[in-house]
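Everything below concerns the one structure shown next.
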Amino acid sequence: MEVETPVSSDEAESGVSTPVGTRRSFFARVTAAISTVIGLSLTIPIVGYVVFPAFQRKKQEWVPIAKIDDLPVEQPKALDYTVAEKDGWLETKATKGIWAIKHSNDEVTVFSPICPHLGCGYKWDGQDRLFKCPCHGSVYNLKGVVQAGPAPRPLDTLPVKVENGELLVIYKEFKSGLADQTEI
Ligand code: FES
């Protein structure tokens, strides 16, 4: 049986016979390709702007906390650490209390204020010269070493340096309940 091949209007005018849809489908493909390129060129920067910051880690910076001369020797002092945190596209200001112990004008230990057991805040007992956590009774000495209670590791120390008479600290947080210090 013979099948009749339809003729396009272009072909009818020109008198040249080409398979139906060839020219039309060619232009359709070119149009689709151009649309895709334009779409991608618009979409990729937007996705990058919106999505990628969410996967960036919190930016951590050295923050001046106190004049070194204002810190007593071998006496824990609670200090405020206030910093603008950028987490993805969210910017917030946060204040954390930290514990600083000056050993000399060049040497200072700074502890995270979070108990490594389950994350409560602890206090310094000046009479017993021990850090004590009210939640489950963990007790730490001046070096942060566990003296009593369920704490699985010593107090977490933070990076510190002394520059031009100022104490600078980088605030970090660590997972509680673990024997090893694991940064969040
Ligand atoms: S959270 Fe400090 S002892 Fe449990």
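The values are calculated or read from the model by the stated rules, or taken from the named source; none is laboratory data. Treat the numbers as computed from the prediction; the structure is a model and nothing was measured. We place every Cβ from the backbone using ideal geometry, glycine too, and count neighbours over all the protein chains shown.
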Checklist entry - What residue, among those in the stretch 80-90 that are part of a strand (DSSP E or B) and at pLDDT below 80, is nearest to R129 (Cα to Cα)? => result V83
Next on the checklist: Can you go through K172, K132 and tell me which one is basic (K, R) and within 15 Å of A78 (Cβ to Cβ)?
Outcome noted: K132
Checklist outcome for this item: Note on the stretch 91-130: residues within 10 Å of the ligand (Cβ to nearest atom) and in contact with a Ser or Thr (Cβ under 9 Å, 6 or more places away or on another chain) are I114, C115, P116, H117, L118, G119, C120, Y122
Item to check | Tabulated pairs, the stretch 62-79, first in a helix (DSSP H, G or I), second surrounded by 18 or more Cβ atoms within 10 Å (Cβ to Cβ), C-beta under 7 angstrom, 6+ apart or interchain | outcome: I68/K102; I68/L167
Checklist outcome for this item: Taking the stretch 131-159 and keeping only residues that are under 30 Å from A84 (Cα atoms), in a loop (DSSP other than H, G, I, E, B) and either within 16 Å of the ligand (Cβ to nearest atom) or out of contact with any strand residue (DSSP E or B) (no Cβ under 9 Å at 6 or more places or on another chain) (or both), one is left with C133, P134, C135, G144, R153, P154, L155, D156
Item to check | Filtered residues of the stretch 160-177 (kept if free of Cβ contacts under 8 Å to residues at least 60 places away in the same chain and in a loop (DSSP other than H, G, I, E, B)) | outcome: N164, K175
